[in-house]
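**Student:** Below is the structure I would like to discuss, written out as structure tokens.
The values are calculated or read from the model by the stated rules, or taken from the named source; none is laboratory data. Every value quoted in this text rests on a predicted model; they were computed, and no experiment measured them. Cβ sites come from the backbone with ideal geometry, for glycine too, and all protein chains shown count toward neighbours. Ligands, DNA and RNA are stripped out before the accessible areas are found, and what is left, the full protein with its side chains, is counted by its heavy atoms. Shrake-Rupley method; radii C 1.70, N 1.55, O 1.52, S 1.80 Å.
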Protein chains: 2
Amino acid sequence: MAQLLRVQNFNVSSDGIAAGEDQSFENPFGHGVDPAKLFAWAGATASWPMRTEPGGSRGLDDYLTRDYARNIGAEIMGRNKFGPQRGPWEDHEWCGWWGDEPPFRTPVFVMTHHERPSFTLSDTTFHFVSGDPATVLRQAKEAAQGKDVRLGGGVTTIREFLDADLVDTLHVAVSPVELGSGLRLWDSPDELLDRFHRDVVPSPSGVTHHLFWRK
Amino acid sequence: MAQLLRVQNFNVSSDGIAAGEDQSFENPFGHGVDPAKLFAWAGATASWPMRTEPGGSRGLDDYLTRDYARNIGAEIMGRNKFGPQRGPWEDHEWCGWWGDEPPFRTPVFVMTHHERPSFTLSDTTFHFVSGDPATVLRQAKEAAQGKDVRLGGGVTTIREFLDADLVDTLHVAVSPVELGSGLRLWDSPDELLDRFHRDVVPSPSGVTHHLFWRK
């Protein structure tokens, strides 16, 4: 079975925006973007990876969140998902947003032009790599040992990999929230239809899942 | 995490019928029921467990089929799913419908009042058990070693476990085919709403997925 590059549980607003400008420690998703609103559908499910209490729904949305780790052997993320800093690392104290137990539980390749040593938290090891998308994907596939690779975002990173035509499947949850300005995944999801099949699946929770797979 | 009893990828007609009368070797699903029609949505997906060729869709329906084996440690099935015979086993030559590589890859508990020794095919071991649903579920949970148990059908067995209130989640795909007569899962899916939450999810393939989870 070929190793796929999969985008999963990526959230945008009804107008295609995934993050605001001016990402900061206080506003991880940038100005004007409340992640609690965008992600509410996922947090309500039984299988949400960050869930700490029992309970949660087991309907449609849960099929999406419980697929998060299935057959994933590595993640690729942009530096802007890893943290709010820009430029050279001033120190190595920042270890990501996720505390001592990051939900990835695989090698994670953080794309940055600024060198930094790898480190491990629980089952997750972060590597910092500066190659182009195709090179980083080769590294991640090797680390994944036959399993698939998750492309974790942020939006700029996903656009880079789409532009390089490296994405095999893409799940985007479109939330019923309009943002107006910010970092945009697309002007319209129809932009991808030249290269991808798509199912559009409205969920009872109010989000609409767009499920793309390569033609 | 509690061990769940899960019904997955179970198919019925628009009028709630899962199998015809007079199951036989020639008609495994009984008179008037063409499984190719009922299961077409699943067979078209990339993750269909019986798929032998590459390809297949990776949209909504594939999320349902690829969840088939996730965290499953055992299956329970009725004798009518295992084979068309009734009464005492005349010999032990019949080993199920699935050839040398059954798709279960776990212990399988076949409910029958007629004794028969266990046997193994590839990664699947079939045990023949005569207890009531609660007893068989205890055996299957023990064999599943902390994982969930799949309730594989047929329809009579699923009804028995629903009547005993032992089912935790239930995925039923309702196909756009009317059968008129046969073995019925329900008169209406609304019958289960006193005990279950439900998402109703129409798929682009034409089936409607009913996803139930315990209140």
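**Student:** Taking A:Arg184 and the conditions (1) in contact with a strand residue (DSSP E or B) (Cβ under 6 Å, 6 or more places away or on another chain); (2) within 13 Å of chain B (Cβ to nearest Cβ); (3) open to solvent by 60 Å² or more (accessible area, probe 1.4 Å), which numbered condition does it fall short on, given that it satisfies the others?
**Tutor:** For A:Arg184, the failing item is (2).
**Student:** For residues that are more than 15 Å from A:Thr124 (Cα to Cα) and either at pLDDT 95 or above or open to solvent by less than 30 Å² (accessible area, probe 1.4 Å) (or both), tally how many sit in the range A:81-101.
**Tutor:** 3
**Student:** Tell me, yes or no, whether the range B:164-177 has at least one residue that is farther than 21 Å from B:Gln3 by Cα, touching a residue at least 12 places away in the same chain (Cβ under 8 Å) and assigned to a strand (DSSP E or B).
**Tutor:** yes
**Student:** Is it true that some residue in the range B:53-62 is hydrophobic (A, V, I, L, M, F, W, C) and within 25 Å of B:Val108 (Cα to Cα)?
**Tutor:** No, because not a single residue in the range B:53-62 is hydrophobic (A, V, I, L, M, F, W, C) and within 25 Å of B:Val108 (Cα to Cα).
**Student:** Which condition number does A:Trp48 fail, the rest of (1) of a type in the set (Phe, Trp, Tyr); (2) within 14 Å of another protein chain (Cβ to nearest Cβ); (3) closer than 30 Å to B:Pro54 by Cβ being met?
**Tutor:** (3)
**Student:** Name the single residue that is farthest from the other protein chains (Cβ to nearest Cβ) among those in the range A:51-86 being farther than 16 Å from A:Phe39 by Cβ and among the β-branched types (Val, Ile, Thr).
**Tutor:** A:Ile76
**Student:** Let me ask you something else. So which of A:Phe126, A:Phe119 ends up being farther than 26 Å from A:Trp41 by Cβ, aromatic (Phe, Trp, Tyr) and either modelled with pLDDT under 95 or over 19 Å from the mean Cα position of the chain (by Cα) (or both)?
**Tutor:** A:Phe119 is the lone residue from the list that is farther than 26 Å from A:Trp41 by Cβ, aromatic (Phe, Trp, Tyr) and either modelled with pLDDT under 95 or over 19 Å from the mean Cα position of the chain (by Cα) (or both).
**Student:** Taking the stated definitions as given, is B:Gln145 over 14 Å from the mean Cα position of the chain (by Cα), closer than 23 Å to B:Gly20 by Cα and either without any contact (Cβ under 8 Å) to a residue 12 or more places away in the chain or surrounded by fewer than 20 Cβ atoms within 10 Å (Cβ to Cβ) (or both)? Walk me through how you get there before you give the answer.
**Tutor:** Numbers: over 14 Å from the mean Cα position of the chain (by Cα): yes; closer than 23 Å to B:Gly20 by Cα: no; either without any contact (Cβ under 8 Å) to a residue 12 or more places away in the chain or surrounded by fewer than 20 Cβ atoms within 10 Å (Cβ to Cβ) (or both): yes.
Answer is no for this residue.
**Student:** A follow-up question, please. When you scan the range B:158-171, how many residues do you find that are in contact with a Pro (Cβ under 7 Å, 6 or more places away or on another chain), open to solvent by less than 10 Å² (accessible area, probe 1.4 Å) and either among the β-branched types (Val, Ile, Thr) or more than 15 Å from B:Phe10 (Cβ to Cβ) (or both)?
**Tutor:** Matching residues across the range B:158-171 total 0.
**Student:** Now, a different point. Is it true that A:Gly96 is within 14 Å of chain B (Cβ to nearest Cβ), free of Cβ contacts under 8 Å to residues at least 60 places away in the same chain and part of a loop (DSSP other than H, G, I, E, B)? Step through it out loud before you land on a result.
**Tutor:** Numbers: within 14 Å of chain B (Cβ to nearest Cβ): no; free of Cβ contacts under 8 Å to residues at least 60 places away in the same chain: yes; part of a loop (DSSP other than H, G, I, E, B): yes.
Taking the combined requirement at face value, the residue does not satisfy it.
**Student:** Kindly indicate the residue of the range A:187-215 that is more than 8 Å from every other protein chain (Cβ to nearest Cβ) and of a type in the set (Gly, Ala, Ser) and also surrounded by the fewest Cβ atoms within 10 Å (Cβ to Cβ) among those meeting that condition.
**Tutor:** Once the filter is applied, the top-ranked residue is A:Ser188.
**Student:** Additional query: Which of the residues belonging to the range B:153-181 are away from chain A (no Cβ under 14 Å), out of contact with any helix residue (DSSP H, G or I) (no Cβ under 6 Å at 6 or more places or on another chain) and under 23 Å from B:His31 (Cα atoms)? Spell out the reasoning first.
**Tutor:** Looking only at the range B:153-181, we keep the residues that are away from chain A (no Cβ under 14 Å), and these are B:153-166, B:174-181.
When the remaining residues are screened for being out of contact with any helix residue (DSSP H, G or I) (no Cβ under 6 Å at 6 or more places or on another chain), the result is B:155-159, B:162-163, B:165, B:174, B:176, B:178-181.
Result: B:Val155, B:Thr156, B:Thr157, B:Ile158, B:Arg159, B:Val174, B:Pro176, B:Glu178, B:Leu179, B:Gly180, B:Ser181.
**Student:** Which members of the range A:121-134 meet the condition of being open to solvent by 40 Å² or more (accessible area, probe 1.4 Å) and in contact with a strand residue (DSSP E or B) (Cβ under 8 Å, 6 or more places away or on another chain)?
**Tutor:** Result: A:His127, A:Ser130.
**Student:** Right, something else. Of all residues in the range A:178-204 being among the basic types (Lys, Arg) and in a strand (DSSP E or B), which is nearest to the chain's Cα centre (by Cα)?
**Tutor:** Of everything passing the filter in the range A:178-204, A:Arg184 is nearest to the chain's Cα centre (by Cα).
**Student:** Turning to a different aspect of this structure: Between residues in the range A:44-55 that are in contact (Cβ under 8 Å) with a residue 60 or more places away in the chain and more than 10 Å from A:Tyr68 (Cβ to Cβ) and residues that are in a loop (DSSP other than H, G, I, E, B) and acidic (Asp, Glu), which pairs lie under 6 Å by C-beta distance while being six or more apart or on different chains?
**Tutor:** Filtered contacts from the range A:44-55: no entries.
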